[in-house]
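Chemist: Next up is a structure, given as structure tokens.
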Amino acid sequence: MLIVVFLYALVFLTGDRKPTPKLGIDLQGGTRVTLSARTETGAAPTKESLNLSREAIETRVNGIGVSGAEVVLDGNNIIITVPGEQGDQAKNLGRTALLRFRPVVTAVAATPPPSTPPSTQPSGSATPSSPPTSGGPSVEAPPSSGAPSSGAPQGRVAPAAAAQPTGSQPPAPTSAAPSGSSTAPATSSAPVDSSIDPGLAEAIRQAKAVRQNPAIAPPLGPDGKPVGSADTAAQQAALASFECTGDDPLIGQDDYDKPLATCDEDGTAKYILGPGFIEGTEIEDAAAQVDQSGGGFVVTLTFKSTGSKLWADYTTNHVQEQAAFVLDSRVVSAPTINEPIIGGNTQISGGQGGFSQREASDLANVLKYGSLPLSFDSSEAETVSATLGLASLQAGLIAGAIGIALVFVYCLFYYRLLGVLTILSLILSGVIVYAVLVLLGRWIGFSLDLAGIAGFIVAIGITADSFVVFFERLKDEVREGRTFRSAVPRAWVRARRTILSADMVMFLAAAILYLLAVGQVRGFAFTLGMSTVLDLIVVFLVTHPLVAVASTSRTLSSPALSGLGKVQRQAQQRRDNAAAAAIDAAPRTAVKEV
């Protein structure tokens, strides 16, 4: 009873205080996203790369706190299922997150792509709109607590519209200043199967031939700055060869050591970028924080030692030049370097108004948890209804109720008072299980699905089996001639070893199944293992003490109530037979009449 009081105090006094467990996608509905892998050559991706991608996406799921999500392989596809209203986050989990830092050679305005219906946009994507006239994206070193309240923070970079790119190219028009966004561009809604689509490899090859042509960027001098000028015709061809749409074949496929022609994520500006100078793998950590110098949120980057040195050297040698942060071949932000940034701590802001909290969190998480070995297209995103799951749940609960009722009737008929104790133990076990489910849903995001409910129904039989082992051992002791009271401790000592052995075997089986299985089978194994542990708690702390208390009561231990009357009569019959046999075996003595 103390355990029950403690558990329900946690249920009603902590968290959201709602005494309901979290439900899986089959019980409450949700979103299922299918990610189709694609390779640069158009060949089928390797099993190893698919497994690595699945593990990386699973890490992202855990990192952003999406509870109850499943990430499974289905051929060359990765399927993500997210219960409840968290499906929008799942649409961004397949981003390659290939971050590279590149110098900006030139930038021109682009015609914004047609508006995409809200139902097909990734979560958190900004609807294309006219760029701000001022306050473009910037990057800066986080201000220290001791910095003066006035003036720009140390290492602050001026907006992109405030300076011209290096070289003979004209400055980017103010109206084309990109507004930052942390989400991937909208992908084509048509399913893509890279393993059987020969046109994809050709599209990537052609895109690289024009958009990553070395002639579009000027060569670099000994100081790392461009010298001479780029081939204007090659630049014009590169800029004209693509439109700022979401079905870019170069997403996640660009070469680091070659220049790149690309767009920003909103499709409002086109860029010619030089070869990369820092890889995203040099990022040690990324976090979303409130922008202390203005509204909105920023993404704070912490570089590793090598990346910190490269960034400090670059910002020192390229003052008043633009540097682009390129995520999955698209420009996230292209601020102008106003002064060197020393120390490696850098902030990415989203231009005028900054990022929203959701945008900053999404961007920080995909940067923090690394890139994927493959590029993916979101070939399908569908909303899953809970209607079928609720119907199955109702049928399962009815079946479970019928099964429990039959167990109760059998226990009452066969064990009488011991059957009543069995029923009380099962009810208390159910009360504890429910509280644990609610708390696990809050603490670790555990979601109950149909497979988990099946595990609990199977566990009812395991718990009842422990009672049967104890009661049958008790009957054996009484059958040997002991009273109900004296039989309980002896029966318990012998029965508990059998109960422990059986539950240990069941727990090991559930643990192995949980480690080796995927998807809903893991939910079945988890609930089965948890119920096995709770079975030991109930048998040791409830059933055995109740039987011991009943054995000390003259009323409750009466043969009519205890259900042991028949066994006691058998014991008495055995004693009578033994006495008769002893009399028959005794030597006869002749007595003479005197």
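The values are calculated or read from the model by the stated rules, or taken from the named source; none is laboratory data. Bear in mind that the values here come from a model prediction, so they are computed numbers and not experimental data. Cβ placement follows ideal geometry from the backbone for every residue including glycine, while neighbour counts extend to all protein chains displayed. Note: areas computed on protein heavy atoms with side chains; ligands, DNA, RNA excluded. Shrake-Rupley method; radii C 1.70, N 1.55, O 1.52, S 1.80 Å.
Chemist: Just one of Ile457, Ile462 is modelled with pLDDT under 85, over 28 Å from Ala69 (Cα atoms) and assigned to a helix (DSSP H, G or I); which is it? Quick ask: steps written out before the conclusion?
Modeler: Details: Ile457 fails: over 28 Å from Ala69 (Cα atoms).
When all the criteria are applied, what remains is Ile462.
Chemist: Identify the residue in the range 328-375 that is acidic (Asp, Glu) and surrounded by 24 or more Cβ atoms within 10 Å (Cβ to Cβ) and, among all such residues, is modelled with the highest pLDDT. Explain how you work it out, then say what you get.
Modeler: Going residue by residue through the range 328-375, those that are acidic (Asp, Glu) are 328, 339, 359, 362.
Right, trim to surrounded by 24 or more Cβ atoms within 10 Å (Cβ to Cβ) and you get 328, 362.
On the way: Asp328: 77, Asp362: 74.
Residue satisfying both the conditions and the ranking: Asp328.
Chemist: Is there a residue being in contact with a Leu (Cβ under 9 Å, 6 or more places away or on another chain), at pLDDT below 85 and open to solvent by 20 Å² or more (accessible area, probe 1.4 Å) anywhere in the range 491-512?
Modeler: Taking the range 491-512 and keeping what is in contact with a Leu (Cβ under 9 Å, 6 or more places away or on another chain), we get 491-492, 495, 499-500, 503, 506-507, 509-510.
Checking which are at pLDDT below 85 leaves us with none.
No; the residues of the range 491-512 include none that is in contact with a Leu (Cβ under 9 Å, 6 or more places away or on another chain), at pLDDT below 85 and open to solvent by 20 Å² or more (accessible area, probe 1.4 Å).
Chemist: Condition test on Leu273, is it of a type outside the set (Gly, Ala, Ser) and surrounded by 24 or more Cβ atoms within 10 Å (Cβ to Cβ)?
Modeler: On the way: of a type outside the set (Gly, Ala, Ser): yes; surrounded by 24 or more Cβ atoms within 10 Å (Cβ to Cβ): yes.
Yes.
Chemist: In addition: Please work out if Ser447 is under 18 Å from Leu426 (Cα atoms) and open to solvent by less than 30 Å² (accessible area, probe 1.4 Å).
Modeler: Numbers: under 18 Å from Leu426 (Cα atoms): no; open to solvent by less than 30 Å² (accessible area, probe 1.4 Å): yes.
It is false that Ser447 is under 18 Å from Leu426 (Cα atoms) and open to solvent by less than 30 Å² (accessible area, probe 1.4 Å).
Chemist: When Gly307 is evaluated against the numbered criteria (1) within 34 Å of the chain's Cα centre (by Cα); (2) of a type in the set (Gly, Ala, Ser); (3) in a strand (DSSP E or B), which criterion, by number, is the only one it fails?
Modeler: Unmet for Gly307, out of (1) within 34 Å of the chain's Cα centre (by Cα); (2) of a type in the set (Gly, Ala, Ser); (3) in a strand (DSSP E or B): (3).
Chemist: Does Gly84 qualify as being farther than 25 Å from Leu250 by Cβ, modelled with pLDDT under 75, open to solvent by 20 Å² or more (accessible area, probe 1.4 Å) and in contact with a helix residue (DSSP H, G or I) (Cβ under 8 Å, 6 or more places away or on another chain)? Give the derivation first.
Modeler: Numbers: farther than 25 Å from Leu250 by Cβ: yes; modelled with pLDDT under 75: yes; open to solvent by 20 Å² or more (accessible area, probe 1.4 Å): yes; in contact with a helix residue (DSSP H, G or I) (Cβ under 8 Å, 6 or more places away or on another chain): yes.
So Gly84 passes the test.
Chemist: Looking only at the range 282-312, which residues are without any contact (Cβ under 8 Å) to a residue 60 or more places away in the chain and open to solvent by 20 Å² or more (accessible area, probe 1.4 Å)?
Modeler: From the range 282-312, those without any contact (Cβ under 8 Å) to a residue 60 or more places away in the chain are 282, 284, 290, 295, 302-310, 312; that's our starting set.
Glu282, Glu284, Val290, Gly295, Thr302, Lys304, Ser305, Thr306, Ser308, Lys309, Leu310, listed by residue number.
Okay, residues lined up against (1) in a helix (DSSP H, G or I); (2) open to solvent by less than 30 Å² (accessible area, probe 1.4 Å); (3) polar (S, T, N, Q):
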{"site": "Leu390", "(1), (2), (3)": "yes, no, no"}
{"site": "Ile398", "(1), (2), (3)": "yes, no, no"}
{"site": "Thr422", "(1), (2), (3)": "yes, yes, yes"}
{"site": "Val433", "(1), (2), (3)": "yes, yes, no"}
{"site": "Ser466", "(1), (2), (3)": "yes, yes, yes"}
{"site": "Val469", "(1), (2), (3)": "yes, no, no"}
{"site": "Glu472", "(1), (2), (3)": "yes, no, no"}
{"site": "Val478", "(1), (2), (3)": "yes, yes, no"}
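Chemist: Does Arg485 count as open to solvent by 60 Å² or more (accessible area, probe 1.4 Å), within 26 Å of Arg574 (Cβ to Cβ) and either out of contact with any His (no Cβ under 8 Å at 6 or more places or on another chain) or in contact (Cβ under 8 Å) with a residue 60 or more places away in the chain (or both)? Quick ask: steps written out before the conclusion?
Modeler: On the way: open to solvent by 60 Å² or more (accessible area, probe 1.4 Å): yes; within 26 Å of Arg574 (Cβ to Cβ): yes; either out of contact with any His (no Cβ under 8 Å at 6 or more places or on another chain) or in contact (Cβ under 8 Å) with a residue 60 or more places away in the chain (or both): yes.
Here the answer is yes, as Arg485 does meet what is asked.
Chemist: Scan the range 560-579 and report the pairs whose first residue is closer than 23 Å to Leu412 by Cβ and whose second residue is part of a helix (DSSP H, G or I) and among the hydroxyl-bearing types (Ser, Thr, Tyr), with Cβ atoms within less than 8 Å and a gap of 6+ or a chain change.
Modeler: Cβ pairs passing all conditions: Gly563/Tyr414; Gly563/Tyr415.
Chemist: While we're looking at this one, here's another question. Residue by residue through the range 13-38, note down the ones that are open to solvent by 20 Å² or more (accessible area, probe 1.4 Å) and part of a loop (DSSP other than H, G, I, E, B).
Modeler: Thr14, Gly15, Asp16, Arg17, Lys18, Pro19, Thr20, Pro21, Lys22
Listed here are the residues, each with its yes/no results for (1) within 30 Å of Ala510 (Cβ to Cβ); (2) in a helix (DSSP H, G or I); (3) of a type in the set (A, V, I, L, M, F, W, C).
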| site | (1), (2), (3) |
| --- | --- |
| Val542 | yes, yes, yes |
| Val549 | no, yes, yes |
| Ala560 | no, yes, yes |
| Lys566 | no, yes, no |
| Arg569 | no, yes, no |
| Gln572 | no, yes, no |
| Arg575 | no, yes, no |
| Ala580 | no, yes, yes |
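Chemist: Another question, then. Can you find even one residue in the range 524-536 that is in contact with a helix residue (DSSP H, G or I) (Cβ under 8 Å, 6 or more places away or on another chain), over 30 Å from Val82 (Cβ atoms) and surrounded by 16 or more Cβ atoms within 10 Å (Cβ to Cβ)?
Modeler: Narrowing the range 524-536 to residues in contact with a helix residue (DSSP H, G or I) (Cβ under 8 Å, 6 or more places away or on another chain): 524-536.
Cutting the leftovers down to over 30 Å from Val82 (Cβ atoms) gives us 535-536.
From the residues that got through so far, the ones that are surrounded by 16 or more Cβ atoms within 10 Å (Cβ to Cβ) too are 535-536.
Looking for residues that are in contact with a helix residue (DSSP H, G or I) (Cβ under 8 Å, 6 or more places away or on another chain), over 30 Å from Val82 (Cβ atoms) and surrounded by 16 or more Cβ atoms within 10 Å (Cβ to Cβ), one finds at least one in the range 524-536, hence yes.
Chemist: Yes or no: the range 286-308 includes at least one residue that is of a type outside the set (Ser, Thr, Tyr) and touching a Lys or Arg at 6+ places or on another chain (Cβ under 6 Å). Outline the logic, then answer.
Modeler: As a first pass, look at the range 286-308 and keep what is of a type outside the set (Ser, Thr, Tyr): 286-292, 294-299, 301, 303-304, 307.
Now drop any that are not touching a Lys or Arg at 6+ places or on another chain (Cβ under 6 Å), which leaves 286.
Yes, that holds for at least one residue.
Chemist: In this structure, does Glu279 turn out to be in contact with a Gly (Cβ under 9 Å, 6 or more places away or on another chain), among the acidic types (Asp, Glu), modelled with pLDDT of 75 or more and surrounded by fewer than 16 Cβ atoms within 10 Å (Cβ to Cβ)?
Modeler: On the way: in contact with a Gly (Cβ under 9 Å, 6 or more places away or on another chain): yes; among the acidic types (Asp, Glu): yes; modelled with pLDDT of 75 or more: yes; surrounded by fewer than 16 Cβ atoms within 10 Å (Cβ to Cβ): no.
It is false that Glu279 is in contact with a Gly (Cβ under 9 Å, 6 or more places away or on another chain), among the acidic types (Asp, Glu), modelled with pLDDT of 75 or more and surrounded by fewer than 16 Cβ atoms within 10 Å (Cβ to Cβ).
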